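These notes are about the structure you will find just below.
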Amino acid sequence: MSALRQLASKFFGSDTVFARRTVGGIQPLPFKEDSLRSRIMSTPIPQQLTIPIGAADGGEITLLVDIGEQVSKYQKLAVISIFTEGVSDVPVHAPTSGVITSIENSIVADHSQQQQLCINLAADGHDEALQLEPQSNYSLLSRVNIASLIRDAGVIGMGGAGFPAADKLRLCGESAIEFLIINAAECEPYITADEALLRERAEKVVVGAEILKQASAARRCIIAIEDTKPDAIDALKQALKSEMNLDQTCELVLIPSKYPAGSERQLIKCVTGIEIATGQHPTENGIVMYNVGTAYAVYEAIVEGKPCVSRFTTLCGQELKTPKNFEVLIGTTADFLFELCGIETSNKQKSILGGSLMGSELGSDKAAICKTTNCLIAASADEFQAPQAEQACIRCGFCADVCPSKLLPQQLLAFSKTADTTQLLEHGLFDCIECGACDYVCPSHIPLVSTYKESKKLIATRRQDLEHGSYWQQRFQFRQYRVKKEKDQAVSRKVAVPAKPTLAAGPAVKQQNKKTDFISKEQASLDIAAAVARVKARRDEKNQ
Amino acid sequence: MSGLVAGAPFQHSGRNIAQLMQTLLYALLPGIFASLWFFGFGILINIAIAITFAVLAEAAMLRLRNRDIRSHLSDRSALVTALLFAIAIPPGSPWWLVALGIVFAIVIVKHLYGGLGQNPFNPAMCGYAMLLLAFPLAMTGWHIPFEVITGPLSVDNLGTPILTAEREFLSQLSWGSFKQALLLAFPFAASGAIDISEFVDGLAMATPLIEFKMAGKSALLAARESGASLFARESETAWEIINISYLLGGLFLLYKRVISWHIPFAIIATVFILAALFYAPGSVAIYGTPYLHLFGSATMIGAFFIATDPVSAATTRPGKLVYGFIIGVSIYSIRVWGSYLDSIAFAVLFGNFCAPILDQYCRPRIFGHGLRSKSKPLPNEVPVKP
């Protein structure tokens, strides 16, 4: 393999990056052209904004405003502290000026589908903004400076994971970075937010990539995009030629259009040939990846000094008259956007958050857009067929052929049905990225991903139970030990007069004395000597 | 688990089991037509009887198991089993033989183990093997329609029957041969008592390969000397064309991505290599040429249609290759050193035995697992800008 790569590098020039063949993957119908027909539109300011400030997996929220307070655009409203890998603070800013009306739990357009704490802001329509501090020459900034500016702007991963962008930079500081990869492989059907963004604002994305490259001290920056997006590719090529790309250091790599090509580990493998081991972070292998939307947000945060108060979201589905991409203020509700696109609510079957393969049904149309909401689909009744009745698995192996993690979904299904956790772990259940490719091809229409999610939950609860169990087992065993000890001591108390423990030592020593030195040492040695004598006498008796 | 889970993904490729089975049925058609052309209507009558009893047995079992008959029957898996079984049975077998085999396959091998997707063994081949063990004579005589004009068969000094010119073969697709095939399948329909042996050509056994096997070298020489060559008969070309038809059907399945290439490739490659290794022209002619093993027998239908039954085969890619290799070795060794005539059924059943352990131990490496700990990339050479 390495010989081949050497040959290839000789042929293409030593540093040329080329896309490699990846395992698995599917090519579903993309349904992307509808939302790409029109340009990105900035939404008008809605009267009411519901700004999510809850962290998905716990975390602490520090409110900086009170109910009834008048706030300006870009003003900091709250800081979310997440405790995943070290503490990281993500501030939330006001998307427009207005008055805080209430702070309460509401539904957020987020895959957890749980209620989050939200700040309700009644917009006053003036859109009065704070003075911004643009950094005209970012190349003069230090890595630390850039990271803190990005942190202050509240930029998180716009691709969907929502990992704070500044924290990734912090991880970059811990190991030398060879590749910064800008992920423009928006492989899931329906979603076009990144493609639209690149088509119209490629220069800014490239500048954002430059800034990230500087901040991560990456040796090379690669923008990876699928070869089926000619407009975005042209725009990118143009931008890379332009003056803004001073060092000409970003490279463009076209990758084959295959779902899920945009998945982090798969894309890294495709572009660099490096396979990230399970449990390792890409930065440990000298690679860091950012989404296109994140690069744009970084550009805004540094060059324009603008905090992250909006994002690009695709609105599509057969029920919308004019599907398009919006630059939408965080906190806008889904139904406001649906109405902007002209929806006939009478026909709408369901709303889907995200694409058609990894999306989830939206709990309520009142759900607020958060920083990771990339797509909303207003599906008509006949757009997505009702799931067909599940048939038996015939082990055809189509699922294994398309699995990007090289798992055996058919085996995982069998083990899920028997809840065989050992085998499930052995077969890599937790390496499943839940992309849904196996579901897509399954001729028996088995809801595989849902099954695996259930199994993952089951294993998590079993582990918890086990931990609980072993804790209580320990407690029980200790109690038994204690009871037995007390019994023994009661017996020995009758036998021997207990020596008084020395009081000089602290309580810990006292405890020890109670346990071990209940019979004093002298007494014990006397006892032992007596016993030995008895045995000896008996033996002698026997021998005679 | 309910069948209707409203989770992701919402999009589907639109393929279903019924379509896969339908494609399989289409892929079998060229081979069936070739058999029909060369061996007459016997195969069609076999198919008709097998399908009738397969559907009846399937429906009865679904009813007993409280399953929805309509939706389960429409997956066409019973049709595929019936067809594969019917092709394996010698044409001209009586109806009860075919019925017994297919009912055994559907009821015992498939449904008693839990129905579609649960059977550890290939139902069609289990039915065939059961018949072969229980009715060895009936299962080894292949009927080719002919009209006895004069005299009995002559027998040479070694006891090998030789075809005499007095026998006139009927055109395979004539009305007469159809009537004969019907009579063989339904003997009770004949006006008087019929002597089955009159119709069954004991020599025209399954495949040229088997003839090759059964005829000793001296018998072959003797037959040649007396002017009647076993290989001058048309049945050899017939099998060649039948095998090519099944090969085409198999390639169609590969093209349609109903089966993967692993199992057929492994079987054909193994049989070819073994046949080439052991073939010693002149001295031990009994082993047969690789060509005879591939195209003068049931190798093609076995490799593409029978061994690839996904339910009972190994399911991992590396497992499939080993599975094909095991079947290939079994096919060759049973043929050459074993006492059974052709060996697809037993070889596939033996493969079925091995499948679960192959699935457990022949697994592909999971993405991100089992990597050698790579050295960290070189320290950054680009100086950090102030």
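The values are calculated or read from the model by the stated rules, or taken from the named source; none is laboratory data. Owing to the predicted nature of the structure, the values given are computational and were not obtained by experimental measurement. Positions of Cβ are backbone-derived with ideal geometry, glycine not excepted, and every protein chain shown enters the neighbour counts.
Could you tell me which of the residues A:Ala301, A:Ala334 is modelled with pLDDT under 90 and of a type outside the set (D, E, K, R)?
Sole residue among the options that is modelled with pLDDT under 90 and of a type outside the set (D, E, K, R): A:Ala334.
Do we have any residue at all in the stretch B:43-57 that's touching a strand residue (DSSP E or B) at 6+ places or on another chain (Cβ under 7 Å) and either within 15 Å of B:Ala138 (Cβ to Cβ) or of a type outside the set (Lys, Arg) (or both)? Break it down stepwise before answering.
Filtering the stretch B:43-57 down to residues touching a strand residue (DSSP E or B) at 6+ places or on another chain (Cβ under 7 Å) leaves none.
Within the stretch B:43-57 (the criterion being touching a strand residue (DSSP E or B) at 6+ places or on another chain (Cβ under 7 Å) and either within 15 Å of B:Ala138 (Cβ to Cβ) or of a type outside the set (Lys, Arg) (or both)), the answer is no, since none of the residues qualifies.
Sort out for me the strands (runs of 3 or more DSSP E) sitting completely within the stretch A:30-127 that have 3 or more residues that are of a type in the set (Val, Ile, Thr).
A:76-82, A:98-109
Output the residue which, of all residues in the stretch B:14-48 that are among the small types (Gly, Ala, Ser) and crowded, with 18+ Cβ neighbours inside 10 Å, is modelled with the highest pLDDT.
B:Ala27
For residues that are crowded, with 23+ Cβ neighbours inside 10 Å and at pLDDT 90 or above, scanning just the stretch B:90-110, find the one that is nearest to the other protein chains (Cβ to nearest Cβ).
So, considering only residues that are crowded, with 23+ Cβ neighbours inside 10 Å and at pLDDT 90 or above, the one nearest to the other protein chains (Cβ to nearest Cβ) is B:Lys110.
Restricting the search to the stretch A:131-169, which residues are part of a loop (DSSP other than H, G, I, E, B) and free of Cβ contacts under 8 Å to residues at least 12 places away in the same chain?
If the condition is that a residue be part of a loop (DSSP other than H, G, I, E, B) and free of Cβ contacts under 8 Å to residues at least 12 places away in the same chain, then A:Gln131, A:Asn137, A:Ser142, A:Phe163 are the ones that fit.
Could you figure out which of (1) buried (at least 17 other Cβ atoms within 10 Å of the Cβ); (2) within 12 Å of chain A (Cβ to nearest Cβ); (3) free of Cβ contacts under 8 Å to residues at least 60 places away in the same chain isn't true of B:Gly117?
Only one criterion is unmet by B:Gly117, namely (3).
Within the stretch A:442-454, can you find the residues that are surrounded by 23 or more Cβ atoms within 10 Å (Cβ to Cβ), facing another protein chain (nearest Cβ under 7 Å) and assigned to a helix (DSSP H, G or I)?
Answer for the stretch A:442-454, where residues must be surrounded by 23 or more Cβ atoms within 10 Å (Cβ to Cβ), facing another protein chain (nearest Cβ under 7 Å) and assigned to a helix (DSSP H, G or I): just A:Val449.
Can you say whether A:Gly397 is in contact (Cβ under 8 Å) with a residue 40 or more places away in the chain, on the phi > 0 side of the Ramachandran plot and within 8 Å of chain B (Cβ to nearest Cβ), as far as the supplied structure shows?
On the way: in contact (Cβ under 8 Å) with a residue 40 or more places away in the chain: no; on the phi > 0 side of the Ramachandran plot: yes; within 8 Å of chain B (Cβ to nearest Cβ): yes.
Here the answer is no, as A:Gly397 does not meet what is asked.
Residues being part of a strand (DSSP E or B) and among the charged types (D, E, K, R): count how many of those fall in the stretch A:212-236.
Residues of the stretch A:212-236 part of a strand (DSSP E or B): A:220-226.
Remaining after also requiring among the charged types (D, E, K, R): A:220, A:226.
Counting residues in the stretch A:212-236 that are part of a strand (DSSP E or B) and among the charged types (D, E, K, R) gives 2.
Identify all residues within the stretch A:409-450 that are more than 24 Å from the chain's Cα centre (by Cα) and aliphatic (A, V, I, L, M); write none if there are none.
A:Leu413, A:Ala414, A:Ala419, A:Val441, A:Ile446
Would you mind finding the one in A:Gly286, A:Gly279 that is under 19 Å from the mean Cα position of the chain (by Cα), more than 26 Å from A:Arg37 (Cα to Cα), modelled with pLDDT under 90 and of a type outside the set (A, V, I, L, M)? Steps first, answer last, please.
Working: A:Gly286 fails: under 19 Å from the mean Cα position of the chain (by Cα).
Every option except A:Gly279 fails the conditions.
Provide a single number: the residues in the stretch A:410-428 that are more than 10 Å from chain B (Cβ to nearest Cβ), in a helix (DSSP H, G or I) and of a type outside the set (Phe, Trp, Tyr).
The number of residues fulfilling the criteria is 6.
Find all pairs meeting these conditions: Cβ atoms under 6 angstrom apart; at least six residues apart or on different chains; first residue within the stretch B:12-27 and within 29 Å of B:Asn243 (Cα to Cα); second residue hydrophobic (A, V, I, L, M, F, W, C) and buried (at least 17 other Cβ atoms within 10 Å of the Cβ).
Taking only residues 6 or more apart or on different chains, the pairs are B:Leu20/B:Val258; B:Met21/B:Val80; B:Thr23/B:Val258; B:Leu24/B:Val80; B:Ala27/B:Phe252; B:Ala27/B:Leu253.
When you check B:Ala57 against the structure, is it buried (at least 21 other Cβ atoms within 10 Å of the Cβ), over 20 Å from the mean Cα position of the chain (by Cα) and not charged (D, E, K, R), yes or no? Steps first, answer last, please.
Details: buried (at least 21 other Cβ atoms within 10 Å of the Cβ): yes; over 20 Å from the mean Cα position of the chain (by Cα): yes; not charged (D, E, K, R): yes.
Answer is yes for this residue.
Which condition number does A:Ile276 fail, the rest of (1) touching a residue at least 60 places away in the same chain (Cβ under 8 Å); (2) buried (at least 19 other Cβ atoms within 10 Å of the Cβ) being met?
(1)
One residue is enough: does the stretch A:461-484 have a residue meeting the conditions closer than 24 Å to A:Gly397 by Cβ and in contact (Cβ under 8 Å) with a residue 40 or more places away in the chain?
For the stretch A:461-484, residues closer than 24 Å to A:Gly397 by Cβ and in contact (Cβ under 8 Å) with a residue 40 or more places away in the chain: absent.
Is at least one residue of the stretch A:84-100 surrounded by fewer than 21 Cβ atoms within 10 Å (Cβ to Cβ) and over 18 Å from A:Gly59 (Cβ atoms)?
Yes - at least one qualifying residue is present in the stretch A:84-100.
Output the residues belonging to the stretch A:170-195 that are among the acidic types (Asp, Glu), under 17 Å from A:Phe312 (Cβ atoms) and assigned to a loop (DSSP other than H, G, I, E, B).
Once the filter is applied, which keeps residues that are among the acidic types (Asp, Glu), under 17 Å from A:Phe312 (Cβ atoms) and assigned to a loop (DSSP other than H, G, I, E, B), the stretch A:170-195 yields A:Glu186, A:Glu188.
Checking the condition modelled with pLDDT of 90 or more, touching a strand residue (DSSP E or B) at 6+ places or on another chain (Cβ under 9 Å), among the small types (Gly, Ala, Ser) and surrounded by 22 or more Cβ atoms within 10 Å (Cβ to Cβ), which residue from A:Ala193, A:Ala166 passes?
Answer to the selection: A:Ala193.
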